[in-house]
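Beneath this line is the structure, given in structure tokens, with notes to follow.
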Amino acid sequence: MLWKVILLLMLALPTLALDNGLMRTPPMGWMSWGRFRCNTDCRNDPKNCISEALFVDMADRLVEDGWLKLGYKYLIIDDCWSFMSRDNKGRLMPDPIRFPNGIHKLAHYAHDRKLKLGIHANMGKQTCAGYPGTMLDQIETDAQTFADWEVDMLKFDGCYSNVNEQQKGFPLMSKALNATGRPIAYSCSWPMYRGGLPPSVNYSFLGEICNLWRNYDDIEDSWESVMRIVDWFFQNQADLQSVSGPGHWNDPDMLIIGNFGLNMEQSQAQMALWAIMAAPLIMSNDLRTLTGEARSILQNKAVIAINQDPLGIQGRRILQDEGHIEVFWRPLSKSASALVFLSRRTDMPYRYHSTLSLLNYTSSSYTAYDVFKDETVSLPSVNTHFTITINPSGVVMWYVYPDKSFEAKCT
Ligand code: GLA
């Protein structure tokens, strides 16, 4: 009798949780949509159209320009890769002119370079850009096609589907991906189509079936868009902060650093706030033409280490000051933490005075490492006054760690 129960449990388990062991820290990589959208005009714009050539270029850049070494390993094909109809067996197929060697070959190209390949599909009649979608009865076929192509991640969107189809389709795809036997990370856009908040969104269930999920609107190439997203996530932190963790992350959308909408201060701010949010670091820019400034922000090792902290605890906004300064805090492993001071001012660099005790720190002696300035500040007590200068729409980001000597004295 007991063995029957155990057998039943074993059979049932893989269908209960997305137990794929993937994305224990927020995923890092590059995705096409933010920068290249649905540009399919390869005849007139061959360097910037959604094509095999574009992904090969980005794969080369990821590897040769040091991105992969830092953790940026996912190369993700967003919408507009497919042909307008399915093949005679009902399978999705890539546009044969723009992807002459097919997705499987592209996956090999990525794997030979130790990258992972991601792809986009859509629960519903059509993708948001009008390409073939995945209806409920096509989910297993599509999951198997992606596994046959040796794809490593699926971004599953939700345009042109209703509440019931989404309710069935997103869990079904999770199950179907698991059933292929290939570990495929699963990004669900489901919450974004349901307003992003409980009770319409059941985050504990999502955590069982998806590795990450888009909660909110698409990012645009502007500071206003970044701030709208930041405001929404932190205004709703009571609902959102605790649902994220190793293997299952909130996704405030791509990093747009290196494009046209953000200056250097704002680029640092996006990077810092995405690190505080334990957000995926998925860039969408042109790695072939990135400026040195954008590169240095995106490749900042300390910010990446904060984002990738193994505890995987999402941070919170802890203070909104009358002077239009906001303070964000994230607990990290080894009793460390990260602080971000954001200026929403538009006048001039602002001198901000505070102490760690005002930011809820209790007795210890700390060192703060300013990750963008590459300087340390010593804070012998939580009551030590400090002053920092924060530029308009910029940040100061600190990695704060307790002094060993102080700890030794106390034990
Ligand atoms: C939706 C998604 C975007 C992108 C587009 C593609 O808008 O949220 O990230 O995938 O579809 O059409």
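Each value in this text was obtained by applying a stated rule to the coordinates, not by laboratory testing. Quantities reported herein were computed from a predicted structural model and do not represent experimental measurements. Every residue, glycine as well, gets a Cβ built from its backbone with ideal geometry; the counts of neighbours run over all protein chains shown.
Using all pairs of distinct alpha-carbon atoms, the Kirkwood hydrodynamic radius of segment 203-272 works out to 13.0 angstrom.
With 20 Å bins beginning at zero, the pair-distance distribution over Cα atoms of the chain amounts to 26, 54, 19, 1 %. From least to most packed, judged by other beta carbons within 10 angstrom and beginning with the fewest, 326, 375, 140 follow the order 375, 140, 326. Mean-square fluctuations from a GNM of the chain, with a 10 angstrom spring cutoff on Cα atoms, peak among 21, 258, 394 at 21. What angle, in degrees between 0 and 90 and rounded to the nearest 10, separates the Cα long axis of helix 223-235 from the longest principal axis of the Cα atoms of the chain? Around 80 degrees separate the two axes. Between the Cα long axis of helix 102-112 and the first principal axis of the chain there is an angle of about 40°, rounded to the nearest 10.
All distinct Cα pairs of segment 298-407 go into the 1/r average, and the inverse of that average, the Kirkwood radius, is 14.3 Å. May I ask for the percentage of alpha-carbon pairs in segment 198-349 that lie more than 25 Å from each other? That tail contains 27 percent of the Cα-Cα pairs. Listed values for segment 282-299 are Karplus-derived 3J(HN,Hα) couplings in whole Hz (6.51 cos²θ - 1.76 cosθ + 1.60, θ = phi - 60°), namely 10, 6, 9, 8, 9, 5, 6, 10, 4, 6, x, 5, 4, 4, 5, 6, 5, 9, and x replaces Gly and Pro. Which distance in Å, rounded to a whole number, links the C-alpha centroids of segment 21-65 and segment 324-381? Segment 21-65 and segment 324-381 have Cα centres spaced 35 Å from each other.
At an R0 of 25 angstrom, the distance between the Cβ atoms of residue 84 and residue 44 translates into a FRET efficiency of 0.80. The residue 374 and residue 160 beta-carbon pair, evaluated with R₀ = 56 Å, returns a calculated FRET efficiency of approximately 0.70. Between 402, 256, 193, the Cα set farthest toward the positive side of the dipole of the chain (charges on each charged residue's Cβ, about the Cα centre) is that of 402. Using a simple spin-label model with pseudo-atoms 7 Å out from Cα toward Cβ, residue 386 and residue 101 lie 5.0 nm apart. As a proxy for reagent exposure, ranking 203, 74 by other Cβ atoms within 10 Å from fewest up yields 203, 74. The C-alpha atoms of segment 63-185 occupy a region whose extents along the principal axes are 44, 30, 25 Å, arranged from largest to smallest. Fewest-first ordering of 267, 363 by other beta carbons within 10 Å of each residue's beta carbon gives 363, 267. In this simple spin-label model, placing a label point 7 Å from the Cα along the Cα-to-Cβ direction at both residue 114 and residue 64 gives a separation of 1.8 nm. In order along segment 51-60, the phi-based Karplus estimate (6.51 cos²θ - 1.76 cosθ + 1.60, θ = phi - 60°) of 3J(HN,Hα) comes to 7, 3, 4, 5, 6, 5, 4, 5, 4, 4 Hz; Gly and Pro are listed as x. Computed log10 I(q)/I(0) for segment 46-88 at 0.22, 0.27 Å⁻¹: -0.78, -0.97, from the Debye equation with unit scatterers placed on every C-alpha and solvent omitted.
Gain on full extension, evaluated as 0.36 nm per residue between residue 335 and residue 321 minus their Cα-Cα distance, stands at 2.4 nm. Extents of segment 355-394, largest first, come to 31, 19, 13 Å (Cα atoms, principal axes, whole angstrom). For the pair residue 403 and residue 221 in one chain, pulling the backbone fully straight at 0.36 nm per residue adds 61.5 nm over the alpha carbon distance. Principal axis extents of the C-alpha atoms in segment 328-387 (largest first, rounded to whole Å): 36, 22, 20. Rounded to the nearest angstrom and listed largest first, the equivalent-ellipsoid semi-axes of segment 259-353 from its Cα gyration tensor are 22, 20, 10. The Cα trace of segment 177-228 gives Rg and Dmax of 13.7, 42 Å, the first to one decimal, the second as a whole number.
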